[in-house]
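Remarks on the structure that follows.
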Amino acid sequence: MYEHIVVFKFRTELPAAQEEGLLTQLRSFQGVIPGIVSMSAGRNVTRETENIHGFSIGLRITFEDHAALMAYGPHPAHQAFVASLDGLVEQVVVVDYEIGKETNRA
């Protein structure tokens with residue numbers, strides 16, 4: 001399995017309705033995009049304010065395998081979400097990593 005983690009920093013603070021609309025789009029991926037095992041998306045509510053750095057929305061998706069992760073990017077639902085971000089995003093951080101496989105490193 002693969003974990004896909006994304007955090008979004010917007011150019012300006014979004015109105016609550018617009019932010020909720022983006023979260024609704026993200027949450028709609030499960031059941032639409034094949035290979036998603038589980039997912040969550042929400043507003044950043046950490047109390048570690050020194051570590052927020054302006055990132056206000058987070059997304060976590062667990063994919064069944066690497067092929068599903070690779071198919072996610074070009075999927076029409078994902079591309080529609082990306083298009084809805086046009087002009088809104090200042091920065092996005094993405095982390096993908098394999099889970100469920102033990103490795104030993106010396």
**Message:** Using only Cα atoms and rounding to the nearest 10 degrees, what angle (0 to 90) does helix 16-27 make with the longest principal axis of the chain?
**Reply:** 20
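Averaged across orientations, what area in nm² does the convex hull of the alpha carbons in region 1-60 project?
Details: hull surface 19.3 nm².
So the Cα hull casts an average projection of 4.8 nm².
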**Request:** Sum -39500 (n - 2.57) across every DSSP H segment of at least 4 residues in the chain, then divide by the residue count to get the 222 nm mean residue ellipticity, nearest 500.
**Result:** -7500 deg cm²/dmol
**Message:** Viscosity 0.890 mPa s, temperature 25 °C: give me the Stokes-Einstein translational D for region 28-96 in µm²/s, with Rh taken as the Kirkwood radius over C-alpha pairs.
**Reply:** 181
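Every number in this text was worked out from the coordinates using simple rules, so none of it is lab data. Because the structure is a prediction, the values reported are computed rather than measured.
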